[in-house]
Structures are given as C-alpha cells and as structure tokens.
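The values are calculated or read from the model by the stated rules, or taken from the named source; none is laboratory data. Everything numeric in this text was worked out from a predicted model, so none of it was measured. Note that each Cβ is placed from the backbone with ideal geometry, even for glycine, and that neighbours are counted across all protein chains shown.
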There are 4 protein chains.
Amino acid sequence: MKANRMEAFSDGVLAIIITIMVLEFKVPECHDWYALSKLGPKILSYIFSFVYVGIYWNNHHHLLHMVRTMNGRLMWLNLLLLFWLSLVPFTTAWMGESRFAATPTALYGIILLLAAFSYRLLQRAIIKQHSGDSSFVVAMGKDLKGKLSPLLYLIAVLTAYVSPWISGFFFVLVAIIWFVPDKRIEHVLKGH
Amino acid sequence: MKANRMEAFSDGVLAIIITIMVLEFKVPECHDWYALSKLGPKILSYIFSFVYVGIYWNNHHHLLHMVRTMNGRLMWLNLLLLFWLSLVPFTTAWMGESRFAATPTALYGIILLLAAFSYRLLQRAIIKQHSGDSSFVVAMGKDLKGKLSPLLYLIAVLTAYVSPWISGFFFVLVAIIWFVPDKRIEHVLKGH
Amino acid sequence: MKANRMEAFSDGVLAIIITIMVLEFKVPECHDWYALSKLGPKILSYIFSFVYVGIYWNNHHHLLHMVRTMNGRLMWLNLLLLFWLSLVPFTTAWMGESRFAATPTALYGIILLLAAFSYRLLQRAIIKQHSGDSSFVVAMGKDLKGKLSPLLYLIAVLTAYVSPWISGFFFVLVAIIWFVPDKRIEHVLKGH
Amino acid sequence: MKANRMEAFSDGVLAIIITIMVLEFKVPECHDWYALSKLGPKILSYIFSFVYVGIYWNNHHHLLHMVRTMNGRLMWLNLLLLFWLSLVPFTTAWMGESRFAATPTALYGIILLLAAFSYRLLQRAIIKQHSGDSSFVVAMGKDLKGKLSPLLYLIAVLTAYVSPWISGFFFVLVAIIWFVPDKRIEHVLKGH
C-alpha cells in the first residue's frame, strides 16, 4: 500500500521534470525557420533528457514492483534518486544553451552518474528484501546494464573536454543500452 | 496493473502541459482592457491547445482501456506521443507571440501532425493485441477521424503560408471532428 | 472507474494551478522586510486564489462522488471548468501586480464568474443522472451557495470600478460562504 | 476513500513544490565551473528545502494513514499546511539569491515554523479521532520531535540576525531530527 504512494509521488516528480524542461525553450524573436534552427542544441539536449527520464521512469516502474515492504530507508534512497533527476532540467538547459560546451556537458554526465549510483543503491536495498530468493538475486545480480552505464557516463564526462561529439556518442550509447526494459526482471516476475 | 501507472504518468504530463501554457501570458504593463486585448492572439492560441490536449486526454483515456498487456513497446510509443505533446506549449507560445505568422503556425501543425502519427502507432500496437477479436479490429479499423485528421493537419501546415485564417479554419475543423469521443470504441466496450 | 481518472486529472490540474501561482513572486532585489512588504498585494492576491482553488477542489471532490456514469458531456464540462480555473494564475498575477487596479480586479471576478457558471453546468449534468431520486434533486436544487456566489461575483466585478476595497469585500464574502463543504451533499451521501 | 484523494492532491502539490524550485537556477552566462560555483548558495538552499519537503511528504504519508473519517476540517487544515509549504520555493529562492542574508533566512524559518504549526494542528485533529484508543494517543502525545522542531525553527529565525552559520546549524539540526520516520507511529500501526 505504501509503495503505491511512493510510486505516485515519483511519477509526479518525473512527469514534472520531463515537462518543465520545455519552459527553457524561449520563444524566438523572429518568426522563421532560421530562428527556430538556433534552438537546435537546446532541442537536442531536451531529446536526450526526455529519453533518459523516460528510461528512469520505465525502470523505476519495474523496480518498485519488487518492493516487499516499504521503510524509511527505501523512501530516502528514492528521494535521493529524485534529487539528482530534479537537477536534470537545469543541466539540460545549460548544456543546450552553451551548445554542448565542455563543462556543462561534463556536469550533465556527472548528474546522470550520481542518479545512476542512487538508482543502484535503491536497487540493492530492494534486492536485500529478496535475499532468500536466490533466483531473483542471481537475475538482478547479473545486471550488466546497471554496471556498464556508470562507466559509460564517466567516459562521457571525461571526453566532454576532448569533444562534445565523443561525449555525445557515449550518452547515446547508454540510452540505446537501456532502451529495452530489463527482460530479466520481467522474466523473474513471470516465474513467480 | 501496469497500464494504470502509464495512465497516471500520462495524465500527469498532460495536466502539466495544459497548465504551464498559461505561464506564457506575461502580465501586461498597463492595467486596462486595451492592454489585455493585445494578449488576444496568445489567448486564442491557448484555447486551441487546451482543446487539443483535452481531446488527446479524452481519446487516450479510451484507448488505454483497450490495453490487454503492457510491454516496453507500448511504453515507448506512449512516451513518443507525450514527447510531441510536450512541445505544444512552446509552439503555442510562438504561434501566439507571432500573431499567427506563417512559420510558427506551420510548426504548430507539424507538431500536432507528429503527435497524431504517434497516437496512431500506439493505437495500432494496441489493436494488434486484439487481433483475434474481429469485431474490435473492424470497429477500430474504420477509424475515419484518425485517418482524416493527419490529412487536415497537413493542409493546415501548407495553408499557413497562404493565410493564417485558412490554416486556422482547418485546425478548428480537426477540433470539431474530434470533439465527441469515439462512439464506436464505447460501443465495442459495451459489447464486451 | 472512468470518473476516477477525471478526478485524478482534475486534481493534477488544480494542484499545478495552486502551485505555479507562487512562480509570480519575483525574488526582491533588496534583502529586508521593506522589500518583502512591496510584495504585499501579490501575496494577498495569492491567498485569495489559494482559498478559491481550495474551495473548488473541495466541492469538486464532493460533486464527482455523485457521478453515476461518465460520458463525453461530463468530460467536456469538467474541462471547461478547468479552462477557466487555469486562467486564475494569470488574473491573480495581474491583480496583484497592479495593486488591485479596477480592470485586473474586474477580470479576476469575471474569470471566477465563468468558472462558477461552468461548475453549475457540470453540477446540473450530474444532477440529471439522479433524476429519479427526488431527495437528491431536492437537496441539490436548494443549493443557495451556488445561486448566490455568481451574483456576488457580479457585484465584485462591477464595484471594482468604484473601489478595490468594496470589490475585495465581496470576494471575501464568497470565500466565507463556500468555506464549509456543502453539508447537504454529505447528508444525502450518508442517507444512501 | 476520501482520504486517498486528499493524499493524492497533497502528493501532487508537494511533487510540484519540490520540482519547480529548480526553475530558480538561472543558466549561467559563462560555461565553466567558476560560473557554476556562483550558484552555490542557491543549490545549498535548494538542498535544504528538498530535504524539508521530503520530510513533510514522508511524515504526512504516515499521518494520513491515521485518518479514520475525512471531514471539511481536516481538508482545510491540510490546505493550510500546503499553503505554507507552497511558499517554500519563494523563500528558498530569496534565501539562496541573497546568499543567506539575515531577513530572507529569517523568513525561511518563519514559513517553516508556520508549516510546522499547521502540521501539528492537522495532527491534533487526527489524534482526536482516536480519543478512545489510549495507546495511540499516548504514543502520539509523546511526539518529542514535533514539540522540539518549532522551538528550533524559532531559534534559527532569531539567530539569522546574528550569523547565517548559526541559523543554518539549527536548520540542519531539525532536518537530522526528522530524518528517520517516526518509529512510534509505525509501532502503533503494527500493533493494530
């Protein structure tokens, strides 16, 4: 019963995060396609963040279904995850506004890295509740995506100072990896 | 169970989209009716978008009741629809600010066109889940509204460069067509 | 089942309306109480709107419990109500910014008047669903508050051009009248 | 049934409050770490408020589970609490913008003090519904946290004029005290 409210609250926060990002698109002074094209980097930056927040919503959705009993620890770990994600609109705007300058792009990656760490902390706390169920622990423990993405974020942060294109490549790579919801979790769910 | 959360998340995003559009109404410097009248195009633009988002909410509502089993594909198609709709506040503001200039009006139509396509992709994916139920497929397959509106949006986009009045006429036409919720879907629902 | 989603969507819109109004409080340049005191009219204006939206949420809550079957008509009447309420943050900001100048105050009253009319249309459509249940119709039909408040709003609109204090008095009067949730509706509910 | 809607509405408002605060982070003009560092006080101010709103959400969550029957009084007390919390984004922005100047910091504490009082009023009204259940009343009556925090807020308000560091110390102290959800309430819940 309590997990539902945490889910509803998280959904609310994620829905707002994903939507207020568009408030950063200032209406162009001119009324032609050229004026719009200048918003290009901001729109690209928005697409990135929309996909990432979408991925988090999607995975969060699967993860919370694993919760057996809610407690203060899970609530605070969930709030920690939401805290980092709540900074995404700011970093998205800065990265777009600066046309993918090194520091804003690195910060964007750092915030995503911190969100990924928080997600893993939440995941680990939920896995602990299933410590007796070895099939579940094994399935979740293999979580390659979860182990790979912080590494890729870190590379994206560092390469931001080399070229925004290389950094962007790694951001896109993480997105592609996470795109499909974790089949293993669905698998275990069906097994139950 | 999962469809509920997608519905709740979509409702959240649509509620925010519909509400943050009013943030574009800057408070007039003067305090008389004339100052307010200058906001006319923005208010008209807002009314359009309020009605469109209302229509989407309404139809989306009916559509999601058809979902049999949730999966990653449906989630991503739904997020694609929400992505295009999340751009509506920006295009609404630009169209209003520019007093229905050609390019902003065309862009407004393009975003609605892309939202309509995404809606149809989502619809088709949901219809597939009912492939055995011929009465359902037939009822949904006849969906004239859904086939007509992308065409009307396309005309509105093209005629934006002729006159905003002609373009506006087609936008109003789509709204009128969609106003009443699809009786056929309700029909099928009752039949079950 | 469907009424729930309309309720959830309305709650979302009302929650956003009530919260985004504070975005109009621009941070003062100076950091003393005097700088804050200049925000006085804006804060007063916000308190008014917070109470009104709170009243609407409260009454809307009771009203939707009366819905027997959802249909397109109810959805659109509900959206019409939300449309007028969505303009409240703008009129609140204008009234506060103008320090209760005549026209902004009159517009504030007009929007509330239109919201009140929409509420009554929604109420009437829901009463119709109970046309066989005479006790319900009688209880709702006596709705003195609902009949009185549009009249008081009208007086507030007209007196805005005489003095903001007189106008404000009538706004406060409506708030006081509506403060307590309609006992009659609760009565009927308990009777069922 | 009704308590659910109040919970959902409160969650919506809290989710929006916690998220719109980031809109105050204006994108820096320069694109380096130094430009970001200037946002330091704003980010610190945001972290404070995120934690406080998180605490309120958490405790509110436990509190509403105690509600036996909803009534107008509870609704209005809940709205009073939400009113004070809705002012948090403004005071957060002012405190951050002013780099913890005396008056903005004092105002921040005053708003939290008023929110704490409203919370206690709501709590007391809910306790009254359990007047027959002595174990519950005793457990809640001992509520040391709830008695201590208004006092600490008051000290933080007064010391804001001495030094922001002393004031900040007391704000942090309240946060630490409230961090863990009230075990006693959970205890009583399990006993039922």
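Examine segment C:11-18 for a residue that is in contact with a Pro (Cβ under 8 Å, 6 or more places away or on another chain) and assigned to a helix (DSSP H, G or I), and state whether such a residue exists. For segment C:11-18, residues in contact with a Pro (Cβ under 8 Å, 6 or more places away or on another chain) and assigned to a helix (DSSP H, G or I): present.
Could you check segment D:59-79 and list, in sequence order, the residues that are among the basic types (K, R) and in contact (Cβ under 8 Å) with a residue 60 or more places away in the chain? Hit for segment D:59-79 is D:R68, nothing else. The helices (runs of 4 or more DSSP H) found entirely in segment A:36-139 that carry 1 or more residues being crowded, with 19+ Cβ neighbours inside 10 Å, at pLDDT below 85 and touching a Lys or Arg at 6+ places or on another chain (Cβ under 9 Å) are A:40-64.
Taking each residue of segment C:91-110 that is within 14 Å of C:Y46 (Cβ to Cβ) and within 9 Å of another protein chain (Cβ to nearest Cβ) and looking for partners that are crowded, with 20+ Cβ neighbours inside 10 Å and acidic (D, E) with beta-carbon atoms closer than 7 Å, six or more apart or interchain, yields C:A93/C:E24. Scoring A:S86 on the criteria (1) in contact (Cβ under 8 Å) with a residue 40 or more places away in the chain; (2) more than 8 Å from chain D (Cβ to nearest Cβ); (3) within 15 Å of the chain's Cα centre (by Cα) leaves a single failure, condition (2).
Among all residues of segment D:68-84, there is at least one that is more than 15 Å from D:A3 (Cβ to Cβ) and touching a Phe, Trp or Tyr at 6+ places or on another chain (Cβ under 8 Å). For first residues located in segment D:1-29 and at the interface with chain C (Cβ under 10 Å from one of its Cβ atoms) and over 12 Å from D:L64 (Cα atoms), partners that are at pLDDT 85 or above and outside any helix (DSSP H, G or I) and lie 6+ apart or on another chain with Cβ distances below 8 Å form the pairs D:E24/C:V27.
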